[in-house]
Structures are given as structure tokens and as C-alpha cells.
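Okay, structure first, notes after.
The values are calculated or read from the model by the stated rules, or taken from the named source; none is laboratory data. Keep in mind it's a predicted model, so treat the numbers as computed, not measured. Because the Cβ atoms are built from the backbone with ideal geometry, glycine has one as well, and the counts that use them run over all protein chains shown. Ligands, DNA and RNA are excluded from the accessible area calculation, which covers all protein heavy atoms including side chains. Shrake-Rupley method; radii C 1.70, N 1.55, O 1.52, S 1.80 Å.
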Amino acid sequence: AAPVQVQLVVPMAVVFSPGSMPGDLPRPLPFRDLEEMEISVNLRTSVTSRYEMLYRSTTGQEEAALAAATAREADAALHPLQDTPLGSLTMYVVPETSSLLPQGIDVYVGKHRSALVRAGGSLAALQAQLREVAQVMSFTATSIAAVLSDRVPNGHLSPDARRYLKSSLGYEITFSLLNPDPKSHTVDWDIEGAVNRFVKPVLDKLSLVANFSVDSQILYYAVLGVTPRYDKESSSFLLSAHSLPHVINPVEARLGSSAASLYPVLNFLLYVPERSHTPLYIQDKDGAPVSTNAFHSPRWGGIMVYNVEAPASPQASFPVHVDVDMARVMEVFLAQLRLLFGLSREEVPPEFLLESPGNEGLADWELDHLLWAHTVENIATVSTTLTSLAQLLDKIGNIVIKDDVASEVYRAVAAVQSAVTELSLGHLHAAFQASKEAVTSSERAFFDPSLLHLLYFPDDQKFAIYIPLFLPMAVPILLSLAKIVRETRQRKKEATKMD
């Protein structure tokens, strides 16, 4: 693939509140500073991260906002005072004695694009802390290596890196309710209400990243591919961790084809076990029950098992009516959705406190996190697509490139260059939009029908097709030619004899 050289610039304001300034500042505030780091991916791909910091002191309004009782209130009060575009960060440094941050917490990351940081003794200590916060809120070397996973040698990546969804212009989300035993259970789920209440706010926020479509279905008599094991002690049925991969295949056959879809499909399945296998619990690798009773499959989706209480009286009439608690179910599915997009929060240092994003499902900086990753991935994808196209055209000598294909290629190249430039200026939103345009144009060019049919007609195939057609006509023509040649020779001989 073509070499990719990208510089990721994060504009960052470091704002000192009264009493929080380190004693060893090199010059009076405000001043600017730069910090660069090389992210090693491989020899052909160089990614540099560059933090452009502006050190300044708080304004009167910011000071008033920082006088709030709790970090959450301060974060809410500071938000309207910030003019932070996508991809930029504001760090408020508060005095060591500040009561805004709880005991043992040095960093509070808010819902938007700012954080509160407890002042350390020296500037170097503070900068190390800020670097860590900036990586949590924008991108880490591992998150960038993960999106370039196709270019990284296999052994160099954590297994997590391969579970994130590839960048796409759109995603299709399907919620399916599986009722394998309709004779025993009539299951009702208010999926429309739940999608509007829980899923829509998250997708509205993610609409910047891609287009989403959501649909739902109920499947009857759809069973899991594994028979659960009965456990006498707990008088319940168990699915062990190692059997979970085999659960998906038979179910997937019933889900409807994702092959017809242009975009990656995410499946979220709610499984109500049949009466003969109730209650059914999922075990983790150590044999402990999984608290959510759900599991997820990388780049595919997730399955949650929803147990139904057995009726108390033996004379209960079947089927039993079940109303699904959608809040409980959606909490699990949204957590799985975050995992699939690589927004899990497990790898945060213990002295960090991250504000929960509330019903929007993800904080503003988490959205930026996705945009950084997808922009880099799009740039790499386009460079690979155009390189493949160029190699293909070199191989096929008689290919004709139409003007519209050529203009798509030029458009893709221009858009990639623009994306790289915007990244180096710290304009994340513009860079992401340009990278999306580049992907669209490069794929249009690569999959153009006028190029496709030429791929399937190399020269040897043309001979194979046309020889059977021309051979019957060619035989008499060749014989006549041979006859004419013979006769001409004969005439020449006779003429010389006469001489």
C-alpha cells in the first residue's frame, strides 16, 4: 500500500485558576508551547501527534464557574464559556487543595471537551499529567495502530484492536427478539418506544460519524446452536464461555441476509429461552455467571438471554404473557454498541474520574475519539484503494479509462490531500468530512462498471471465445488461399519454361 504520512494536531488550552500555577513556568502567561510524539505503526506509515498548547489564566467568568460546589456543576457552567471546535481540548488546572475533585482523584473528565486537573508541584509533572488526559480524550498510539490494523504486522496488536468496527459511511442496526417456544411464551417488547427513548439520542450524536438505519424483527422457533448444560446445584441451565461462538451460526441463518446490505450490519438479539431450558445463564471463562447475562461478538453484535419467571401455580394457562423490561435490555445493548465502536472505558488510570455521558450515550470527546480514528482509517483506506486501482490499470494494457472515472480519482486524491492538510491544521471536523468524500470517490472509481467487465476479458479468453466462431469460416478461406498460391507458382514455372 502507498505510504501514509499524517500529522494529527490537537489544539489544547491549559487554563490556570488562581493558586494553581507551578512555580517554574518558563515565561509569563499567556504563552504557547508544542509537544510532538511519533506513533510508530510500520515503516510505510508515519503518524505524528502534535499537541499545540496555549497556557493562559482564567477569565472572571471561568473563575466564577470553577467556584461551583461539585466538578459536575463546574463542568456544566464552563461549557457555555468554551468555543471548542471538534477535536480541541480545554484543561482547567485547579489548586492542589481544591475541593472540586473528590479525594484520590486528580483528573475529572467532563461530558464535553474539557477536564479539571489538580495542579502538581512542577510544570514537568503537570505536563506529564496533561499528556495522559489528552490521550484519553483524543487518541492513543494503540487506538491509531488499531485502525491501521491492516498495515500492522499481526503480532504487534492487542486482540482488542481487531474487534472494533471498520470505518464505514453507514451502519445498519437490527434488533431481533427470538422466541423459540411460542406455545409457552407470548412475548411483548416495545421496541419502537425503546429505540426512540434509548437508541435515538445516541445515534443522533453519532450521526456525524455515519448514517444509521434501525429495524427490528421477531423470530419464532429460532433456537441457539448449543444445548445448554443442566446444573443440579442451582437447578438452572448454563452456557459456558467456550460454547458461545457456536451459538451464533444457526441463529444467523434465520436473521435475514446481511449480504444484500451496502453497510456493515450490527445484530442485537434478545433470546427468551424455551420453558424446558429456563432459567438459562451465561458463564464466563472462570465459570462465574455473567451479571448482564449477555455476550458480544466482535464486529457482529451481541446476544442477551432474557429469563422468564416460571408460573407459580401448576394450573397456569399457557402461553404465559411476558412483558420485556426494555430499560434493562437497552442498557446492555447500548453498552455492547459502545464496545463495538471501541468506546470502552476500561483502560483509564485509577486517579481519573470520567463523567457518565447520560442519555446521549457518549461524551463529546468520545465522539472526537471516533472521528480521529475514522479519519486516519479513511485516509489509509483511500490510499490503498487508489494504489490497487493504479496497479490494476498497469496490468491491463487495453483498458479504457472514461473521463468520469478519471475525475473520481482526481477528486479522491484532492480530498485525501485536503483531509491530511486539515488534520495538520487541527481542524478535525473538516478533515473527517474530506476523508469521507475521498472514500466515496475512490470506491466509485474502483467499482466503476466500465472497468469491471474488462477485468474478465484477458487476451487469451478472447481467443478462446472467437476461435470456435471463426474456425469454420477460416478453413475454406485458408484452403482457397493455398490453392491460389499453388496456382500462381505453377504459372511462374510455366512462364520460365516458355522463356
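Given points 7 Å out from each Cα along the Cα-Cβ axis, report the residue 482 to residue 59 separation in nanometres with one decimal.
Here the modelled spin labels are 9.8 nm apart.
With +1 on the Cβ of every Lys and Arg and -1 on the Cβ of every Asp and Glu, and nothing else charged, how large is the dipole of segment 367-454 about its Cα centre, in debye rounded to the nearest 20?
The dipole of segment 367-454 has a size of about 120 debye.
Under the rule of -39500 (n - 2.57) per DSSP H run of 4 or more residues, summed and divided by the residues of the chain, what mean residue ellipticity at 222 nm is obtained, to the nearest 500 deg cm²/dmol?
So the calculated ellipticity at 222 nm is -12500 deg cm²/dmol.
Determine the dipole magnitude for the chain: charges of +1 sit on the beta-carbon of Lys and Arg, -1 on that of Asp and Glu, nothing else is charged, the reference point is the Cα centre, and the result goes in debye to the nearest 20.
For this selection, approximately 2520 debye.
Shape verdict for segment 300-413, please, from the Cα gyration tensor: rounded (a/c under 1.5), prolate (a/b greater than b/c) or oblate.
Cα axes put segment 300-413 in the oblate bin.
Cα axis of helix 364-395 to longest principal axis of the chain: angle in degrees, 0 to 90, nearest 10?
10 degrees
Across bins of 5 angstrom width beginning at 0, how are the C-alpha pair distances of segment 170-341 distributed, in whole percent?
Cα pair-distance distribution for segment 170-341, in percent: 1, 8, 17, 21, 20, 15, 10, 5, 2, 1, 0.
So for segment 261-353, averaging the separation of alpha carbon pairs under 8 Å that are six or more residues apart and normalising by length, what relative contact order in percent results? Provide the component values of the computation, followed by the final result.
Details: 83 pairs, mean separation 25.8, N = 93.
Relative contact order for segment 261-353 comes out at 28 percent.
So what J values fall out for segment 199-206 if you push phi through Karplus, 6.51 cos²θ - 1.76 cosθ + 1.60 with θ = phi - 60°, rounded to Hz, Gly and Pro as x?
Result, ordered by residue: 8, 4, x, 5, 5, 4, 5, 7 Hz.
Which residues' amide hydrogens lie under 5 Å from the amide hydrogen of residue 211, considering only partners 5 or more residues apart or on another chain, with H built in the peptide plane?
Amide H neighbours of residue 211: 170, 171.
Which one of 378, 354, 98 is farthest out on the positive end of the charge dipole of the chain, using unit charges on Cβ (Lys, Arg +1; Asp, Glu -1) and the Cα centre as origin?
Farthest towards the positive pole: 378.
Amide H of residue 14 versus every other amide H placed in the peptide plane: which residues, excluding those fewer than 5 positions away on the same chain, fall under 5 Å?
54, 55, 56, 91
Compute the angle between helix 403-425 and the longest alpha-carbon principal axis of the chain, please, reported from 0 to 90 degrees and rounded to the nearest 10.
30 degrees
Roughly how many Å² is the accessible area per residue of segment 170-341, as a whole number, for a 1.4 Å probe?
On the way: 8590 Å² over 172 residues.
Roughly 50 Å² per residue, with all protein chains present.
Check cross-link reach from residue 436 to the lysines: straight Cα distance under 29 Å, and skip same-chain residues fewer than eight apart.
Filter leaves 111, 166, 200, 205, 395, 402.
Please work out the Cα convex hull volume for segment 245-339 and give it in Å³ per residue.
141 Å³
Based on C-alpha coordinates, I'd like the Rg and Dmax of segment 457-498, in Å.
Computed over the Cα atoms of segment 457-498, radius of gyration and Dmax are 17.4, 56 Å.
Beyond 43 Å, what share of the Cα-Cα pairs of the chain remains, rounded to the nearest whole percent?
Distances greater than 43 Å cover 37 percent of the Cα pairs.
Please report, in whole Å³, the volume per residue of the convex hull around the C-alpha atoms of segment 1-101.
Cα-based convex hull of segment 1-101, divided per residue, equals 139 Å³.
Could you work out how far helix 459-498 tilts from the main Cα principal axis of the chain, as a 0 to 90 degree angle to the nearest 10?
With rounding to tens, the tilt is 20 degrees.
Do me a favour and compute the ellipsoid semi-axes for segment 367-454 from its Cα gyration tensor, root of five times each eigenvalue, largest one first, whole Å.
Output for segment 367-454: semi-axes of 28, 11, 10 Å.
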